[in-house]
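> One structure, as structure tokens, below. Some questions next.
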Amino acid sequence: MSSIVDIRSFFAPRAAPTLVLMDMQQEYVSGSRMLAIKDNGGALRNCRSALDHARRMGFPVAFVRWSGRSTFFNAATPYYRWIDDFSPHGSDMVFERDRPSCFSSPHFADVMANAGGPIILAGFSGEGACLSSAVDAFHRSIDFIFLADASASHAIGDKAEHEVHAMLANIIGLYGAVSNTADWIQNTLALKSHERRNGLAPTNG
């Protein structure tokens, strides 16, 4: 049985957001590693919720990972690999870069510049990839939402991980929107329901 494609989906009045999951790699969750973030459980659960929701809604998903030549994020080590249950699917986009900001990947920058909708930032680490990508998105006039509870940061000096992450979320809020995962999911569901009621979105899926 062949599927029917609703042509209206190609002319939706509001472009879909793109979920960007940054550095979902073993380097950040393997306890023996210097870059491991100890308090990562909540962030992983919320990344999973965001990813599951994006896939159910048919939103584009981009995985961006760090590929380095040092002992960290080295493709020859197991710590470069994806965190369990966070491997990209065939329809997901995958980008690599060797600098903190996702926009240091020219391919990523080109795709996001033409995505139309906002980008949803989540993943590791808050003070690294998330902050630098948020600032770069701002300078490129790309709207973004940072899912603060789907990210975590390293301790810095005498500041614990959760303290650094709270400050980091406030700093990112100077450049764009900050949300928690549950609110983002609820808001996208409410928006889709509103558009369907007003005949502005396809009713399939």
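> Considering the chain as a Gaussian network with a 10 Å cut-off on Cα pairs, which listed residue, 192, 38, 159, attains the greatest mean-square fluctuation?
Answer for the Gaussian network model of the chain: 159.
> Same structure again: Lys/Arg Cβ at +1, Asp/Glu Cβ at -1, dipole of the chain taken about the Cα centre: which of 111, 128, 170 is farthest positive-ward?
My answer, from the dipole projection, is 111.
> Counting pairs of Cα atoms in the range 40-137, how many percent are more than 19 Å apart?
Here the tail beyond 19 Å accounts for 44 percent of pairs.
> Select from 92, 143, 158 the residue whose mean-square fluctuation is largest in a Gaussian network model of the chain (Cα-Cα springs shorter than 10 Å).
For the chain, modelled as a Gaussian network with Cα springs under 10 Å, the answer is 158.
> Using only helices, what value at 222 nm comes out for the chain when you add -39,500 (n - 2.57) per DSSP H run of length 4 or more and divide by the total residues, to the nearest 500 deg cm²/dmol?
Per the formula, -9500 deg cm²/dmol.
> Note down the Stokes-Einstein diffusion coefficient of the chain in µm²/s, whole number, using a Kirkwood radius over alpha carbon pairs, 25 °C, and 0.890 mPa s. Don't jump to the answer; show the numbers that get you there.
Values: Rh = 17.6 Å.
Roughly 139 µm²/s, to the nearest whole number.
> Say R0 is 35 Å: what FRET efficiency, to the nearest 0.05, do residue 155 and residue 75 get from their beta-carbon distance?
So, using R0 = 35 Å, E works out to roughly 0.80.
> Would you mind calculating the gained length between residue 84 and residue 171 on full extension (0.36 nm times residue separation, minus the Cα-Cα distance), in nm to one decimal?
Computed gain between residue 84 and residue 171 is 28.3 nm.
> Continuing with this model, one more query. Based on a Kirkwood Rh over C-alpha pairs, give the Stokes-Einstein translational diffusion coefficient of the range 101-198 at 10 °C and viscosity 1.306 mPa s in µm²/s.
Approximately 111 µm²/s, per Stokes-Einstein.
> Now, a different point. If contacts are Cα pairs under 8 angstrom and at least 6 residues apart, what is the relative contact order of the range 65-205 in percent?
16
> Where the only charges are on Cβ atoms (+1 Lys, Arg; -1 Asp, Glu), what is the dipole of the chain about its Cα centre, to the nearest 20 debye? Present the calculation step by step, with values, prior to reporting the outcome.
Values: 18 positive and 20 negative charges, 97 e Å.
Here the size comes out at about 460 debye.
Readers should treat all values here as calculations from the given coordinates under stated rules, not as data from a laboratory. This is a predicted model, so every value here is computed, not measured. With ideal geometry, Cβ positions are generated from the backbone for all residues, glycine too; neighbour counts draw on all protein chains shown.
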